[in-house]
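Take a look at the structure set out below.
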Amino acid sequence: MSLKINAICLAVLVIAAWFLAQWTEGTWWVAPPSASRWWMAAGSLVAYSLLCAWSFRKVAVSNASTANVTSVVSEQVPTDSPTASVKDDSVLVVYASETGFAEELAQQTLELLHAADKAAELLPLDELSVERLQTIPHAFFLASTAGDGEPPVHAFEFAEDVMSSQHDLSSLTYVVLALGDSSYDEYCAFGRQIDAWLQQCGAKASDERIEVDDADPLALSAWQALVEEFAGNAQPSL
C-alpha cells in the first residue's frame, strides 16, 4: 500500500512540475547545477529507490506469511462438503392430503410427538426434499390417494420429479399411514408407492405400513398406538 502511495505522489509531483514549467516564460534554468547538487540528487534518487524496494519486499513477505497461516488453518480445520449430511434428532411428519383428512391426522401425530418432548416438524410432501430426508433419523408419512391411484394435487410434482429416481436414504427409518377407500380399484395406491420408493432408496421401515379404509377407526387406533410407542407417551385418541 505504501509503495502505491509513493508512486502516486511521484506522479502528482511530475504533473505539477510540468504545469509549472508551462506557466514560466523565458529561460527558467539559468545555470546548470553544480556537481555537488548532481551527486546529492543522485544519492536521493538511489535512497528513494532503496526505500521503495524495501517497502515492496516487506509487503510481499507479509502477504506470504498471511497466505501460509491461512493455508495451515484450512488444513487443520476441516469444512463440511456440500454433499455431506449432518444428522439431527428431529422427526419429520410428512403428509399428502387431498380432502384435508391426512393433514388433520398429521397435525394430531405432531401433537403426540411434541407432548413427549420430541423435536418434530410438520411438512406437506411438496415442501419435502431428498436432502432433508438425508439429515433426519425418522419420518412419519401420511398419504391419501386421489382419483385412480393418483397422488393428491399438491404432491403430484414430488411424485413425478423425486420419486421417479432413487436416492441414498439408508440412514432413514420410517413408517407409512396409507389412506384410501377399498371401493376403488387403486386402494391406498399412493401410500403404497411412497412405501415402495423409500425401500428402493434403502430406507428402513420401523413398522409395517398401516392402511386405513374409509377412516376405519381400528386402523387409526393402530396408528395412534404406533406413534405413542415411538413417543413413549400415551395420549388421547386421534
- Heavy-atom accessible area per residue, the range 91-233, 1.4 Å probe: how many Å²? 46
- Message: I'd like the accessible area for S183: 1.4 Å probe, protein heavy atoms, all chains in place, Å² to the nearest 10.
- Response: 90
- Using a probe of 1.4 angstrom, how much of the accessible area of the range 91-233 is carbon and sulfur, in percent? 45
- Item | GluC sites (Glu not before Pro) restricted to the range 133-212 and DSSP loop, no more than 13 other C-beta within 10 Å | E208
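Calculate, in nm to one decimal, what S206 and S183 gain on full extension: separation in residues at 0.36 nm each, minus their alpha carbon distance.
Full-extension gain reported as 5.4 nm.
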- Query: FRET efficiency for S171 and F101, Cβ-Cβ distance as r, R0 = 30 Å, nearest 0.05?
  - Reply: 0.50
- Message: Take A115 and S49, extend 7 Å from each Cα along the Cα→Cβ direction, and tell me the distance between the two endpoints in nm.
- Response: 8.9
- Query: How would D117, D195, D126, D216 line up by accessible area, probe 1.4 Å, largest first?
  - Reply: D117, D126, D216, D195
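The values are calculated or read from the model by the stated rules, or taken from the named source; none is laboratory data. Note that the coordinates shown come from a computational prediction; the quantities given were computed from them, not determined experimentally. All Cβ positions, even for glycine, are placed from backbone atoms using ideal geometry, and neighbour counts span all protein chains on display. Side chains are part of the model used for accessible areas, which takes the heavy atoms of the whole protein and leaves out ligands, DNA and RNA. Shrake-Rupley method; radii C 1.70, N 1.55, O 1.52, S 1.80 Å.
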